[in-house]
Amino acid sequence: MEFPVLETERLKLRQLRLDDASDLYDYFSNDEVTEYYDLATFTERKQAEDLIQMWIDSFSRLRSIRWGVTLKLEDRVIGTCGFHKWSQKNRRAEIGYELSPAYWRQGYMSEVLDAVIRCGFHEIGLNRIEAQIFQDNIGSRKVLEKAGFEEEGVLQDYFYLKDRFVDAAIFAILKRDIC
């Protein structure tokens, strides 16, 4: 499968490259970004390189796909979005994303999700897209609801992250609901 490049009104979503590591490090070294993420806050650039390499390798095995989000006028990564836990047999995947805080609350992630969801349903062949978020992640909840996801329930003590158990709210959107 060739990596699909997506464009929105303001953004270009492309495959990540190792030379994007500085951009990812810039925001993954921010505790605000990793608060609801299953990664520790980055302390060195190599962590960003390793994450990018993992995403590249996982796509080459068709286990996941992760886009680097750039402004159309700049080839600098301001966030990522993609599918993991991709089950081709069951035609479902889980979506994940993050964005540099400088770009929060400006509609960028809604724009990204719209493009990625359309690609997931129409080009990748998914039937169901899920999201699992920390129960108290209000920002992510709003983004998912705006994109058409519906909350299906709460998984109690689902994650053990950062030395504590955390409830997960599970959201989903089905192809039949938007197509």
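When residues in the stretch 16-47 are screened for being closer than 25 Å to residue 160 by Cα and among the small types (Gly, Ala, Ser), 2 of them pass.
Just to be sure before I move on: is residue 33 closer than 19 Å to residue 146 by Cβ and part of a helix (DSSP H, G or I) in the structure I sent? Answer is no for this residue. Just one of the listed residues (148, 153) is assigned to a loop (DSSP other than H, G, I, E, B), at pLDDT 95 or above, surrounded by fewer than 19 Cβ atoms within 10 Å (Cβ to Cβ) and on the phi > 0 side of the Ramachandran plot, and it is 148.
Conditions (1) modelled with pLDDT of 95 or more; (2) farther than 20 Å from residue 113 by Cβ; (3) not basic (Lys, Arg), marked per residue:
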site: 8; (1), (2), (3): yes, no, yes
site: 15; (1), (2), (3): yes, no, yes
site: 20; (1), (2), (3): yes, yes, yes
site: 46; (1), (2), (3): yes, yes, no
site: 59; (1), (2), (3): yes, no, yes
site: 65; (1), (2), (3): yes, no, yes
site: 71; (1), (2), (3): yes, no, yes
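Taking the criterion of being closer than 18 Å to residue 140 by Cα and in contact with a Ser or Thr (Cβ under 9 Å, 6 or more places away or on another chain), the residues of the stretch 36-66 that qualify are 36, 66.
Would you pick out the residues in the stretch 120-145 that are open to solvent by less than 20 Å² (accessible area, probe 1.4 Å) and farther than 27 Å from residue 4 by Cβ? Answer for the stretch 120-145, where residues must be open to solvent by less than 20 Å² (accessible area, probe 1.4 Å) and farther than 27 Å from residue 4 by Cβ: just 134. Looking at this structure, is residue 117 in a strand (DSSP E or B), surrounded by 16 or more Cβ atoms within 10 Å (Cβ to Cβ) and in contact (Cβ under 8 Å) with a residue 40 or more places away in the chain? Here the answer is no, as residue 117 does not meet what is asked.
From the residues in the stretch 54-99 that are among the hydroxyl-bearing types (Ser, Thr, Tyr) and assigned to a strand (DSSP E or B), which one is farthest from the chain's Cα centre (by Cα)? Filtering the stretch 54-99 for residues that are among the hydroxyl-bearing types (Ser, Thr, Tyr) and assigned to a strand (DSSP E or B), the one farthest from the chain's Cα centre (by Cα) comes out as 87. For the stretch 1-57, a residue qualifies if it is among the β-branched types (Val, Ile, Thr) and either touching a residue at least 12 places away in the same chain (Cβ under 8 Å) or open to solvent by 80 Å² or more (accessible area, probe 1.4 Å) (or both), and the qualifying residues are 5, 8, 33, 41, 43, 52, 56.
The set of residues from the stretch 123-179 being without any contact (Cβ under 8 Å) to a residue 40 or more places away in the chain and hydroxyl-bearing (Ser, Thr, Tyr) comprises 158, 160.
The values are calculated or read from the model by the stated rules, or taken from the named source; none is laboratory data. The shown structure was predicted, so the numbers you read here are calculated from the model rather than taken from an experiment. Virtual Cβ from ideal backbone geometry, glycine too; neighbours counted across all protein chains shown. Accessible surface is based on the protein model in full, side chains and every heavy atom, while ligands, DNA and RNA are left aside. Shrake-Rupley method; radii C 1.70, N 1.55, O 1.52, S 1.80 Å.
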